[in-house]
1. Quick one: ranking R96, R106 by accessible area, 1.4 Å probe, largest first, what do you get?
2. Find the all-direction average of the projected area of the Cα convex hull for the range 110-195, expressing the result in square nanometres with one decimal place.
3. Give the label of the value calculated from the structure for Rg/Rh (Cα atoms, Kirkwood Rh), choosing from [x] 0.97; [y] 0.94; [z] 1.40.
4. May I ask you to derive the relative contact order of the chain, considering only C-alpha pairs under 8 Å and at least 6 residues apart, and to give it as an integer percent?
5. Counting Lys +1, Arg +1, Asp -1, Glu -1, what net charge surrounds R61 among other residues with beta carbon under 15 Å of its beta carbon?
6. Using a Gaussian network model of the chain whose springs link C-alpha atoms within less than 10 Å, name the residue from A94, A142, A86 with the highest mean-square fluctuation.
7. Show me 114-124, 178-188, 32-42 ranked by packing, highest mean number of other Cβ atoms within 10 Å first.
8. Set the Förster radius R0 to 30 Å, insert the Cβ-Cβ distance between E116 and T84 as r into 1/(1 + (r/R0)^6), and round the FRET efficiency to 0.05.
Amino acid sequence: MRKFRRARSPGWRWQSNPLRRRSDVVEAWIFLLAWVAGLVGGTAAGVVGAHAMEGAVERQRAERHPVQAVLSETAPSGARDGDTGAEFDRVRAAVRWADGDGALHRGRTSVRPGTEKGTALTLWADRHDRLVSSPMSRAEGATRAVMTGAGASSVTCLVFLAGGRAVRLRVERRATERWGQEWDQLGPQWGRTAG
């Protein structure tokens with residue numbers, strides 16, 4: 001059994017060939033530029049995205065501080081979802097705490113059901129002494145930075161590749177239209193003659 005060689009080699013558009021059209025060379029350059037732009041742009045977007053997320057995590061850590069609070073009421077126990085009947089493992093309850101200047105603050109936070117009034121809690125507050133969630137750990141921050149960088153890199157690379165593909169399709173369509181026009185002019189000359 002005879003093996004057939006592929007008609008196209010990896011760099012066929014770059015090789016000298018009498019059948020190579022100008023549009024083939026243009027397509028090759030578009031393909032190359034789209035890949036280079038995708039790789040460079042994707043890498044740059046990934047680095048910028050990761051640094052932006054690292055900065056946001058660091059700002060969050062700097063703006064939040066722990067406060068010692070006391071539960072102002074006994075937390076309700078046995079709270080259930082009215083639709084499904086599922087029991088909640090956390091309920092909202094009133095707390096109070098004093099800031100560094102001694103000013104008293106009040107708020108609500110999530111605690112386990114049935115937690116007794118007067119229970120001491122360590123909560124987190126922002127610079128305006130509003131209750132907030134605890135800041136991300138270093139591992140969580142690093143994971144978010146990596147995921148943000150990878151996502152930004154992937155999206156940017158795909159945008160460049162999709163743009164390159166769209167331009168290549170347009171070049172190919174124009175080449176096909178030109179080929180059709182040329183065929184319309186030359187085709188009748190190849191017809192059979194009666195004789």
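1. From most accessible down to least: R106, R96.
2. 14.1 nm²
3. [z]
4. 29 percent
5. 0
6. Sorting by GNM fluctuation, first place goes to A86.
7. Going by the mean number of other Cβ atoms within 10 Å, highest first, we get 32-42, 114-124, 178-188.
8. That pair, E116 with T84, gives E of 0.60.
The values are calculated or read from the model by the stated rules, or taken from the named source; none is laboratory data. This is a predicted model, so every value here is computed, not measured. Here Cβ is always computed from backbone atoms with ideal geometry, including for glycine, and neighbour counts include all displayed protein chains. The accessibility values were calculated without ligands, DNA or RNA, using every heavy atom of the protein model including side chains. Shrake-Rupley method; radii C 1.70, N 1.55, O 1.52, S 1.80 Å.
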